[in-house]
Amino acid sequence: MLMNQLAVELNKTLEGTAAEQLLSDLGRRIYFPKGIIAQSAEAKKSAHRANATIGMACSGGKPLRLRVFAEQFPSFTENESVAYAPTAGVEKLRYLWQEQILRKNPALAEADISLPVIVPGLTAGISYTADLFLDAGQTILAGVPCWDNYSLIFEERRGAALKGIHFVNEGDTSVNAGGTSSGCIDLAAIEKAVNEEAAGGLVRLIINFPNNPTGYSPGVDEAAAISSILERAAKNGVKILVLCDDAYFGLFYEEATFKESLFGKLANLHRNILAVKIDGPTKEDYVWGLRLAAVTFGCKGMNEACYEALIKKMMGLVRSSVSCANTPSQYAFIKAHDNAGIEDEKRAYFEMLKERYLLVKKFIAQNKAPAFLKPLPFNSGYFMSFKTIGVSAEAIRRALLAEYGIGAIALGADYLRVAFASLETSQIEEVYGKLYALTPL
């Protein structure tokens with residue numbers, strides 16, 4: 001099959017970069033067509049007399065909107081509520097999100113990064129990025145335990161191999177029950193896995209901090225050490241793709257925690273490292289159902305033309321699947337962040353979650369875990385997890401549900417995740433007390 005000329009041109013722009021070496025077969029073939037969407041965008045700027053391009057019904061220059069929908073969105077204009085959004089997202093939101101990334105990650109001060117592409121949820125962002133860079137039979141490294149959706153995205157959808165690394169040290173972590181001291185990240189395991197993949201010339205990995213399901217984020221020294229491991233491989237000529245799944249970014253409860261994304265360290269670290277930040281307001285802004293996320297690229301030495309080529313390819317993936325992200329969700333976020341009180345509200349919710357975290361940390365420190373449970377280090381996010389010993393996590397989950405009516409999540413055979421973020425403060429002592437008193441089936 002002949003490759004479309006637009007794809008050829010985008011690949012030519014990326015020639016010689018780490019991104020070009022890392023593209024999947026689909027990543028090489030995908031492009032954003034100069035079709036309906038592109039021609040409509042051009043007409044929007046220049047068709048001053050009449051615009052007969054877009055597939056929307058209009059009157060008086062505005063999209064038609066039924067009264068019942070106008071009543072549901074009283075503060076939204078027709079364009080904000082029922083019109084199509086641009087494929088890469090509403091421009092104001094893209095710049096707003098980029099400004100937030102730069103403000104929250106001072107390490108990016110010397111880096112040039114792409115303008116974010118807005119996608120319909122963080123899962124979609126990871127999935128599109130996998131489409132762009134991962135072929136069947138290739139390997140991507142991920143922490144163990146990990147979010148179960150990684151398996152669906154990387155293995156089932158892309159046919160790749162998900163190779164697990166024990167990012168979080170599962171040794172004697174009793175003194176680190178709250179994850180406040182260094183030594184909780186298994187740096188030796190990470191370096192071993194990276195070096196094994198590096199033998200083939202390419203490394204692909206996904207980093208998720210604050211981690212789901214363990215609830216751990218690295219300390220400052222640990223973050224620097226992870227970066228150094230990748231930099232050493234890159235200096236040896238290895239091309240490295242790092243996906244930074246920052247779903248729970250900002251929910252850091254301990255002073256010793258590294259409070260930036262590793263994307264900030266990696267985006268300008270070496271020409272052979274392509275970092276992709278996949279994040280969004282879902283957790284940090286408490287808008288789970290808005291289904292909004294952003295994909296941002298960063299690589300030392302990449303220029304604006306290279307970033308635009310990657311953006312065009314990402315737009316091709318969006319266009320060929322969902323067309324665009326939800327319009328009212330994008331404008332809802334923009335309007336919310338124009339509100340002066342939003343940061344105070346977010347701070348109050350953060351303190352609520354931190355209080356729950358501290359209560360769990362206190363319980364773990366003051367109570368000896370039963371022989372079948374080992375608490376793993378945690379210091380951030382929504383969750384903490386136990387390594388199960390001698391009994392399957394599923395058996396523990398079922399017993400907890402059957403005997404006490406308490407729900408938790410079994411991840412594989414060996415890990416039990418408890419989401420303290422969804423528990424009332426008054427429930428924490430009871431939930432963990434019942435878990436520790438449990439006689440597994």
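Things worth noting here:
- Residues whose placed amide H lies under 5 Å from that of Ser217, excluding near-sequence neighbours: Asn211, Asn379, Ser380
- Ranked by how many other beta carbons lie within 10 Å on average, peptides 128-137, 258-267 from highest: 258-267, 128-137
- Potential lengthening of the chain between Lys163 and Ala199 amounts to 11.4 nm, from the contour at 0.36 nm per residue minus the alpha-carbon distance.
- For GluC sites (Glu not before Pro), the sites in the stretch 387-439 that DSSP calls loop and that have at most 15 other Cβ atoms within 10 Å are Glu424.
- Cα-projected label distance for Tyr95 with Glu71, points at 7 Å along beta-carbon direction, nm: 3.7 nm
- Highest average packing first - 11-18, 222-229, Cβ atoms within 10 Å: 222-229, 11-18
- When peptides 275-281, 105-111, 56-62 are sorted by average Cβ neighbour count within 10 Å, with the highest value leading, the order is 275-281, 105-111, 56-62.
- Antiparallel bridges, percent of DSSP beta bridges restricted to the chain (to nearest 5): 55 percent
- Alpha-carbon geometry of the stretch 91-337: the Rg and the Dmax are 17.2, 50 Å, given in that order.
- Cα-based Rg and Dmax for the stretch 276-412, where Dmax is the largest Cα-Cα distance (Å): 21.2, 60
- Loop trypsin sites (Lys or Arg not before Pro), the stretch 341-434 (other Cβ atoms within 10 Å of the site Cβ: 15 or fewer; DSSP): Lys368
- Pairs of lysine residues in the stretch 342-437 - Cα separation under 15 Å, sequence separation of 8 or more or cross-chain: 6
- Whole-Hz ³J(HN,Hα) from phi, Karplus 6.51 cos²θ - 1.76 cosθ + 1.60, for the stretch 290-298, glycine and proline x: 5, 6, 10, 8, 9, 10, 10, 9, x
- For the stretch 363-439 versus the stretch 64-110, the gap between their alpha-carbon centres in whole angstrom: 39 Å
- Residues whose placed amide H lies under 5 Å from that of Leu373, excluding near-sequence neighbours: Ile389
- Taking every C-alpha pair closer than 8 Å and separated by at least 6 residues, the mean separation divided by the residue count of the chain gives a relative contact order of 19 percent.
- What separates the Cα centres of the stretch 145-167 and the stretch 271-286 is a distance of 18 Å.
Read the figures in this text as sums done on the coordinates, not as results from a lab. From a predicted model like this one, the values you see are computed outputs, not experimental measurements. Because the Cβ atoms are built from the backbone with ideal geometry, glycine has one as well, and the counts that use them run over all protein chains shown.
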